[in-house]
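What follows is a single structure, written as structure tokens, with notes after it.
The values are calculated or read from the model by the stated rules, or taken from the named source; none is laboratory data. All of these numbers come straight from a predicted model, not from anything done at the bench. Glycine gets a Cβ as well: all are built from the backbone with ideal geometry, and neighbour counts include every protein chain shown.
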Amino acid sequence: MSIFRRVPQSEFRWIRDVVVRFVTSRYWAETLRLRSLDENERVKDIVEFFEKNSNIKYSVGNVVLYLISIYYYDPKTSSGEAFFALLFIERDSSGYTIKINYLKPEPEFLKEHSEKEIEKRVEEWFGGFVRLLEKTLSSKNPVANKLVEIATYSCWKAVITISFLYEIYGDDILNDDTIPGIHSVCSYKARFFSNDKVVVIPDLYLWVVRDTRSNKIFKYETGYRRGKHYEVPQDDKIFFEALFIGSRDLFEPDAVFVDHLGDKYAFSSSKAVVDGKEMSLVAVGTYDPRRKYWDYLKDIFVITCGESGENGCSAYSFNWGQIIKGMNKIKEKAPAGTQEAFPWYIIRSEKTHVKAKAEVAKKFIERNEWEILPA
């Protein structure tokens, strides 16, 4: 059975509008609990709607899953739209748990030259994700529920990233912390996740996949006619490799700075060695010391320094997506509210590059009014 079904534009819009109206009428509540499916007339209607219009249906034990994955193509404009909706029903002794939501890519992502190209793009987005759902449901793998919730959270980039990971690693991603980690970000239980296969930091628009076998790194790119993973340029690759190596030790703040307005900013750092080159990673963000929780991650810098004393230091900013020459420029690119604290942190952190400390000390030591607290 095909994962995707082409439908006329009128049918596409009708199916899309029915699902969207139901979801929005529930104030975006993805999960419902009912004693009986007949208890709520609107729920009964939407279940019947999915039964009639789903092109994929799985039934395993006390779980039923309906998937509507459709697209249309207009040859006159060489464009189309795609729509993916999921209805999950689980029965237990007390009743039914129902989860429902949809994903709808932006139309400009499907402005291609042929129907074949549109089919390819839609397959890239949803294909691996749907196949993993099928495998995990049939084998009763506990990861299945996390995949369902990722879809019902409308975590669009996660669905695309998981499909891409499946293309590279196949079933291997069912045997580690990859999917639970991505789920923790989609459910807002964590601000970031990383392992040897993926780095996910939504605050910095980072959904990055590493193919450990081919030594390639891919970053999800948004923007006009994108919406897919592209290989990281060679000039930037070393910094992304450092991120994979150093990120798992990066997110424990070792300093919290309080400005004169009482706003709190956290800094943390880690080390990485890539191709024999020592690098320092510095994360900057807003932080709640009481909950020990990052409210928002504003940037991550990877600092490198020349081999000789004559060569200065530079950094790669993942927020700006560019290499910054000179520690003075790094200070200028530091997030608002942290420019004065940034030099002091570089100097005092045990994990920042010795040459970076020396360059900062030479240029930026000055009086300040920051209060430094334990993390």
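Looking at the stretch 216-284, the strands (runs of 3 or more DSSP E) lying wholly inside it that each contain 2 or more residues that are basic (Lys, Arg) sit at 216-221, 264-274. How many residues are in contact with a Phe, Trp or Tyr (Cβ under 8 Å, 6 or more places away or on another chain) and exposed (fewer than 13 other Cβ atoms within 10 Å of the Cβ) when one looks only at the stretch 35-82? Number of matching residues: 4. If you go through the stretch 83-93 one residue at a time, do you hit one that is among the basic types (Lys, Arg), surrounded by 16 or more Cβ atoms within 10 Å (Cβ to Cβ), at pLDDT 80 or above and not in a loop (DSSP other than H, G, I, E, B)? Scanning the stretch 83-93 turns up no residue that is among the basic types (Lys, Arg), surrounded by 16 or more Cβ atoms within 10 Å (Cβ to Cβ), at pLDDT 80 or above and not in a loop (DSSP other than H, G, I, E, B).
Is it the case that some residue within the stretch 214-222 is closer than 17 Å to Gly128 by Cα and either assigned by TED's automatic domain parsing to the domain that holds Glu106 or more than 14 Å from the chain's Cα centre (by Cα) (or both)? Among the residues of the stretch 214-222, at least one is closer than 17 Å to Gly128 by Cα and either assigned by TED's automatic domain parsing to the domain that holds Glu106 or more than 14 Å from the chain's Cα centre (by Cα) (or both), which makes the answer yes.
Consider the stretch 319-343 and keep the residues that are in a loop (DSSP other than H, G, I, E, B) and of a type in the set (A, V, I, L, M, F, W, C). The one that is modelled with the lowest pLDDT is Ala336.
Inspection of the stretch 326-346 finds a residue satisfying the criterion of being on the phi < 0 side of the Ramachandran plot and exposed (fewer than 12 other Cβ atoms within 10 Å of the Cβ). Taken over the stretch 46-82, the criterion of being among the hydrophobic types (A, V, I, L, M, F, W, C), under 12 Å from Ile15 (Cα atoms) and part of a helix (DSSP H, G or I) is satisfied by Ile46, Phe49, Phe50. Count of the stretch 127-157 residues, restricted to those that are hydrophobic (A, V, I, L, M, F, W, C) and farther than 16 Å from Phe88 by Cβ, is 1. State whether one or more residues within the stretch 159-172 are assigned to a helix (DSSP H, G or I), acidic (Asp, Glu) and in contact with a Lys or Arg (Cβ under 9 Å, 6 or more places away or on another chain). Yes; the residues of the stretch 159-172 include at least one that is assigned to a helix (DSSP H, G or I), acidic (Asp, Glu) and in contact with a Lys or Arg (Cβ under 9 Å, 6 or more places away or on another chain). Can you confirm whether Arg291 is out of contact with any Phe, Trp or Tyr (no Cβ under 9 Å at 6 or more places or on another chain), of a type outside the set (Gly, Ala, Ser) and under 26 Å from Ile182 (Cβ atoms)? Yes; evaluated as a whole, the condition is true for this residue. Give all pairs with beta carbons closer than 7 Å in which a residue from the stretch 60-77 that is in the same structural domain as Asn145 (by TED's automatic domain parsing) and closer than 23 Å to Tyr96 by Cβ meets a residue that is among the small types (Gly, Ala, Ser) and modelled with pLDDT of 90 or more; count only pairs at least 6 apart in sequence or on separate chains. Going by the 7 Å Cβ cut-off, the qualifying pairs are Tyr66/Ser54; Leu67/Ser54; Ile68/Ser54; Ile68/Ala85.
Per the listing Glu117, Glu134, Glu149, the residue uniquely in a helix (DSSP H, G or I) and either closer than 17 Å to Ser54 by Cα or aliphatic (A, V, I, L, M) (or both) is Glu134.
All conditions but one from (1) of a type in the set (D, E, K, R); (2) buried (at least 20 other Cβ atoms within 10 Å of the Cβ); (3) over 14 Å from the mean Cα position of the chain (by Cα) apply to Asp196; the one that does not is (2). For the stretch 227-261, the set of residues classified as among the aromatic types (Phe, Trp, Tyr) and more than 22 Å from the chain's Cα centre (by Cα) consists of Phe257 only.
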